[in-house]
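Novice: I am attaching a structure below and will ask some questions about it afterwards.
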Amino acid sequence: MSPKIQSLVTKFVDDLTLAIQDEGAAAFRAAIGSGFAPTNGRRTTPKKTGIMLPPRPRGQKRDPKVLAGLVTSTLAYVKKNPGQRLEQIGSGMGVETAELKLPVQKLLADRSLTKKGIKRATVYRAR
């Protein structure tokens, strides 16, 4: 076989292999129920009633408007559901726990929230 034909066959086989792997990965994600792949290297969790936060590169600060909205919605959620842990608040709001740490710190500093307990047993209530 000529080198030109050999390179075309090799390229075709490589492209076909990648396409099959992509289809297999998509079928696997659909089978386990996630239906989508993580974006920007960040873990994402499908939620039924989640707040859609814009993706941002790792280490980049959040937009102040987005952060202010998250602070407001966190306070509203805690007012409706007092006595929950951060994991429960995140699950209820559809936001990752890591995304809620700064808004909760701001609410505690403003004395809009109170906390009781230590470490993972900490529960939050609105004032």
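Matching residues to (1) hydrophobic (A, V, I, L, M, F, W, C); (2) modelled with pLDDT of 90 or more:
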{"site": "48", "(1), (2)": "no, no"}
{"site": "53", "(1), (2)": "yes, no"}
{"site": "60", "(1), (2)": "no, no"}
{"site": "67", "(1), (2)": "yes, no"}
{"site": "94", "(1), (2)": "no, no"}
{"site": "101", "(1), (2)": "no, yes"}
{"site": "107", "(1), (2)": "yes, yes"}
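Novice: Can you tell me which residues in region 69-83 are outside any helix (DSSP H, G or I) and out of contact with any helix residue (DSSP H, G or I) (no Cβ under 7 Å at 6 or more places or on another chain)?
Specialist: Within region 69-83, 82, 83 meet the criteria.
Novice: If you don't mind, there's one more thing I want to ask. If you scan region 101-110, which residues turn out to be charged (D, E, K, R) and surrounded by 13 or more Cβ atoms within 10 Å (Cβ to Cβ)?
Specialist: Once the filter is applied, which keeps residues that are charged (D, E, K, R) and surrounded by 13 or more Cβ atoms within 10 Å (Cβ to Cβ), region 101-110 yields only 106.
Novice: I need the full set of residues from region 84-111 which are more than 19 Å from residue 66 (Cα to Cα), out of contact with any Ser or Thr (no Cβ under 9 Å at 6 or more places or on another chain) and part of a loop (DSSP other than H, G, I, E, B), in order please.
Specialist: Residue satisfying the conditions is 111 alone.
Yes or no, residue by residue, for (1) surrounded by 13 or more Cβ atoms within 10 Å (Cβ to Cβ); (2) aliphatic (A, V, I, L, M):
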site: 70; (1), (2): yes, yes
site: 77; (1), (2): yes, no
site: 83; (1), (2): no, no
site: 92; (1), (2): yes, no
site: 96; (1), (2): yes, no
site: 99; (1), (2): yes, no
site: 112; (1), (2): yes, no
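Novice: I'm told residue 11 meets every condition in (1) of a type in the set (Lys, Arg); (2) modelled with pLDDT of 85 or more; (3) within 29 Å of residue 120 (Cβ to Cβ) except one. Can you identify the failing condition by its number?
Specialist: (3)
Novice: Shifting gears a bit: Give the number of residues within region 63-105 that are of a type in the set (D, E, K, R), in contact (Cβ under 8 Å) with a residue 24 or more places away in the chain and more than 12 Å from residue 124 (Cβ to Cβ).
Specialist: Residues that pass the stated criteria total 2.
The values are calculated or read from the model by the stated rules, or taken from the named source; none is laboratory data. This structure is a prediction, so every number in the text was calculated from the model and none was measured. Here the Cβ is made from the backbone with ideal geometry for all residues, glycine too, and neighbour counts use every protein chain on show.
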